[in-house]
Amino acid sequence: MKTPYTREKLTQDFTDLGIEKGDTLFIHSSFKSLGPVEGGAGAVISALEDAVGRDGLILMPSFSLLPSRDERIQAWNIERTPSTVGWLTEYFRQMSDTFRSDHYSHAIAARGKRAKAFVADHRRREGYESPWDQYPWGKTYGTHSPMFRAYEAGAKLLMIGVDYESSTYAHLVEVIHWNRCLAEDQEAEYLRLERKELGAFWDAHGQLKRGMVGDAVCRLFRIKDYVDTLVEEVEWNPRPYVI
């Protein structure tokens, strides 16, 4: 039986990948991909906290992606509704001193420096429109949404054992593109983009780091670089990416 990875080993792997003290990290993850971990999900989160240090901030999706909008709305409770996007995110959500944004489907959970304030304003309605906006909740990817704040704050995206199908920031690419089109034509169609094709372009042309954490193949890159590069590519050459 394989020897489990320790918190210390995972911390070193995260650091070797390029995570630095003071980083703001947005994380997509497959807990199983890491292999056996001594201490389970809690040890993984502790290793991430060790890597970013006391001045760092960790963000994870805490989405409730039930099949329909009505189901998501009816099920939503900021304290109790589980995350449907992986065990690590659900464990993270339930930890003391984790704070969650108030959004019926695209809530974000946060731990670390200024975590509570970072996710506090998801009900505000300034900024980009998106198909997931639903009153009384705020703009899903608006000015005060945690995902947009991470984009503007120079945060890094960490992908632990997942491919680009998990990259929700592809939606921000769609949203920015759509809002630019709406400025010219209020009837502009929202284009849904193929995440894996966008990811293949980014892998080929973007600035990113790859490495192993435990058994997981990981990627690390700056969110703003990723989103801005893909928006530019889609505006210039949309055909390969439109679903």
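Key figures for this structure:
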| item | result |
| --- | --- |
| Top-ranked residue of region 177-194 - restricted to ones that are free of Cβ contacts under 8 Å to residues at least 24 places away in the same chain and either among the β-branched types (Val, Ile, Thr) or in a loop (DSSP other than H, G, I, E, B) (or both), ranked as nearest to residue 239 (Cα to Cα) | 189 |
| All positions within region 10-32 that are surrounded by fewer than 17 Cβ atoms within 10 Å (Cβ to Cβ), part of a helix (DSSP H, G or I) and either in contact with a Gly (Cβ under 7 Å, 6 or more places away or on another chain) or among the charged types (D, E, K, R) (or both) | 16, 32 |
| Lone qualifier among 164, 169 - being in contact with an Asp or Glu (Cβ under 9 Å, 6 or more places away or on another chain) and aromatic (Phe, Trp, Tyr) | 164 |
| Residue among 197, 174 that alone is among the charged types (D, E, K, R), assigned to a helix (DSSP H, G or I) and touching a strand residue (DSSP E or B) at 6+ places or on another chain (Cβ under 9 Å) | 174 |
| Out of 98, 89, 84, sole residue that is of a type in the set (Val, Ile, Thr) and under 28 Å from residue 178 (Cα atoms) | 84 |
| Region 103-130 residues that are at positive phi and without any contact (Cβ under 8 Å) to a residue 40 or more places away in the chain, paired with ones that are assigned to a loop (DSSP other than H, G, I, E, B) and buried (at least 16 other Cβ atoms within 10 Å of the Cβ) (beta carbon under 6 Å, 6 or more apart) | 127/139; 127/142 |
| Close pairs from region 213-239: first of a type in the set (Lys, Arg), partner surrounded by fewer than 16 Cβ atoms within 10 Å (Cβ to Cβ), Cβ under 8 Å, at least 6 apart | 219/209; 219/210; 222/154; 222/207; 224/152; 224/154 |
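Residues checked against (1) farther than 27 Å from residue 19 by Cβ; (2) among the acidic types (Asp, Glu); (3) crowded, with 20+ Cβ neighbours inside 10 Å:
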site	(1), (2), (3)
174	yes, yes, yes
182	yes, no, no
199	no, no, yes
202	no, no, yes
206	no, no, no
209	no, no, no
229	no, no, no
243	yes, no, no
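All of the numbers you see were taken from the coordinates with simple rules; none came from a lab. If you're wondering where the values come from, they're calculated on a predicted model, not measured in any experiment. Cβ atoms come from the backbone with ideal geometry, glycine included; neighbour counts cover every protein chain shown.
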